[in-house]
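Participant: Sharing a structure below in structure tokens format, with a few things to ask.
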Amino acid sequence: MSLEAILEAIGDAGDAQVSEIEVRTRTQVYEILADARVEAEDIDEEAYNTAFAPAAKERARIIHRARLEAMRIVGEARESLVDMTLERVRGVLTGLRTDRLYPDVLCRLLEEALAELSSSVQHEAKIHLEADKRDRALLERLLLHMVVDVEVSYTQDCWGGLIARSEDGRVVVDNLLETRLERAIPFLRQYLAAWFEDEQWQISTTETPAYAP
């Protein structure tokens, strides 16, 4: 083989080796860059979480606290409305005796008391009634239309209504207006709270926001 052929062969071999080295190097560079990119993304995400996670937690905590405070304020306002409504009911019942509807109310309370006693005691047993002396004339008129053996004592000082007792005193029906209200207050509180809550929801869903066009 001539010197020129030997040099050409060496050159070809060198070019092939150089090309192989270039390909291997290029592959390694791509791998390094890919790994670096993944590592950089991980570092960015970690840095973001480190920087903003506490802020997000604080924001969530503030929102939660604000919601609890809003619920407390709304609850107190609703309870205040319930109390005001019950006070108005008390005011109405306090003056009910002077209302034109009071004779019907007293008649119904009397009929309820007598019916309850009749189902618990013997028909021939005497019934004792306790009422306010201001209701004497009205109560006597009501009893005229009832076939019942009663004894009435005007010992109560009340808004209205009456108390009925069996002759042996074992059965008592307290139909004083004050007592009827006190028995109804738990139900009224529950009913009024639900009613005010429903009203508030309807208002909040029908009001037009200030920023609306």
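Only the coordinates and a few stated rules stand behind these numbers; no lab work does. No experiment lies behind these values; they were computed from the predicted model shown. Cβ placement follows ideal geometry from the backbone for every residue including glycine, while neighbour counts extend to all protein chains displayed.
Participant: Provide ILE127, ILE63 in ascending order of the number of other Cβ atoms located within 10 Å of each residue's Cβ, fewest first.
Facilitator: ILE63, ILE127
Participant: Could I ask something else about it? Run the quick spin-label model on THR94 and GLU140: label points 7 Å from Cα toward the beta carbon, then report their separation in nm to one decimal.
Facilitator: Each label point lies 7 Å from its Cα, and together they span 3.0 nm.
Participant: Rounded to a whole number of µm²/s, how large is the Stokes-Einstein D of the range 100-183 at 20 °C and 1.002 mPa s, given Rh as the Kirkwood radius over C-alpha pairs?
Facilitator: Value of D from the Cα-based Kirkwood radius: 168 µm²/s.
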